[in-house]
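Let me begin by presenting the structure, written as structure tokens, before commenting on it.
The values are calculated or read from the model by the stated rules, or taken from the named source; none is laboratory data. Just so it is clear, the model here is predicted, and its values are computed rather than measured. Note that we place each Cβ from the backbone using ideal geometry, even for glycine, and neighbour counts take in every protein chain shown.
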Amino acid sequence: MELDEVIITRAIVDEFSKMFMEYTDVDVALAGGGPANLVAAKHLAEAGYKTVLFEKKLAIGGGMWGGGMMFPRIVVQEDAKRILDEYDISYKEYEKGYYVANSIESVSKLAAGATSAGAQILNLVSVEDVMIRENDTVCGLVINWTPVGLNKLHVDPLTIRSKVVIDGTGHDASICDIVQRKVPGAQIGELGVVGEKPMWADVGENLLMETTKEIYPGLVVTGMAANAAAGAPRMGPVFGGMLLSGEKAAQIAISKLK
């Protein structure tokens, strides 16, 4: 078989364009491709909701890829071990209640789970603004290619309409920050976007299930973004809370969509 470069080009552009047009109006739009949002995307897509995730970097997975200080291993505590089982992620018990998994395998299987369930993932796409309409409700995202921002190019963005938005942008909690900065009188949580406190894995992991919530009408916050928005501690390379937070964020979104 002789390969034709033009057919290859057309195949990529044609198929991406069809998907993009279909996903300009969705049930849930997720910002950030870390572990919490990957779990949330899978659960949402499995429940039959049109789900799209935007990641500003080339690679999804957030901080999970690097494990701890570039040692590609992560720790998951007892409460979240069932999620490793759900994704068929290999692990071993290091000490009672502490389970060690390969960070590369973990990200790969989380991503495969989300895409196999039907969620669309677009990398190299940054969220630079939100859409807010009736009753001051977040109803969409304003997106652009990441290289546009990096190179300070004057290129206008496009918009995605969504019934629910999930902020899983990690330490920056960037979607929460946009709403707080751009909406006069916006109340993000009790004190606004506070920023994370110093590392305290035990407290940070336990608080994460409380900080994962609808933080503003139409906007759910999950993962490290949830703790950053609420001023809770960071946790380091223990990821059980991230997985459980993504699961909870999906449940919150589904309850709103119903």
Quiz item: Which one of Asp172, Asp167, Asp177 is charged (D, E, K, R), surrounded by fewer than 19 Cβ atoms within 10 Å (Cβ to Cβ) and in contact (Cβ under 8 Å) with a residue 12 or more places away in the chain?
Solution: Asp172
Self-check item: Where Asp129 falls short, out of the listed (1) in a helix (DSSP H, G or I); (2) surrounded by 13 or more Cβ atoms within 10 Å (Cβ to Cβ); (3) free of Cβ contacts under 8 Å to residues at least 60 places away in the same chain; (4) not aromatic (Phe, Trp, Tyr)
Solution: (1)
Quiz item: Could you count how many residues in the range 23-55 are more than 17 Å from Ser162 (Cβ to Cβ) and buried (at least 21 other Cβ atoms within 10 Å of the Cβ)?
Solution: 6
Quiz item: Is there a residue in the range 136-159 that is buried (at least 20 other Cβ atoms within 10 Å of the Cβ), touching a Pro at 6+ places or on another chain (Cβ under 8 Å) and under 27 Å from Glu46 (Cβ atoms)?
Solution: yes
Quiz prompt | Val238 hydrophobic (A, V, I, L, M, F, W, C), at pLDDT below 95 and either under 22 Å from Tyr87 (Cα atoms) or within 18 Å of the chain's Cα centre (by Cα) (or both) | solution = no
Exercise. Answer with yes or no whether Asn206 is surrounded by fewer than 19 Cβ atoms within 10 Å (Cβ to Cβ), of a type in the set (S, T, N, Q) and not in a loop (DSSP other than H, G, I, E, B).
Key: yes
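Conditions tested, residue by residue: (1) assigned to a strand (DSSP E or B); (2) aliphatic (A, V, I, L, M); (3) touching a Lys or Arg at 6+ places or on another chain (Cβ under 9 Å).
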{"site": "Arg161", "(1), (2), (3)": "yes, no, no"}
{"site": "Cys176", "(1), (2), (3)": "no, no, no"}
{"site": "Arg181", "(1), (2), (3)": "no, no, no"}
{"site": "Pro184", "(1), (2), (3)": "no, no, no"}
{"site": "Gln187", "(1), (2), (3)": "no, no, no"}
{"site": "Leu191", "(1), (2), (3)": "no, yes, no"}
{"site": "Glu210", "(1), (2), (3)": "no, no, no"}
{"site": "Glu214", "(1), (2), (3)": "yes, no, yes"}
{"site": "Met224", "(1), (2), (3)": "no, yes, yes"}
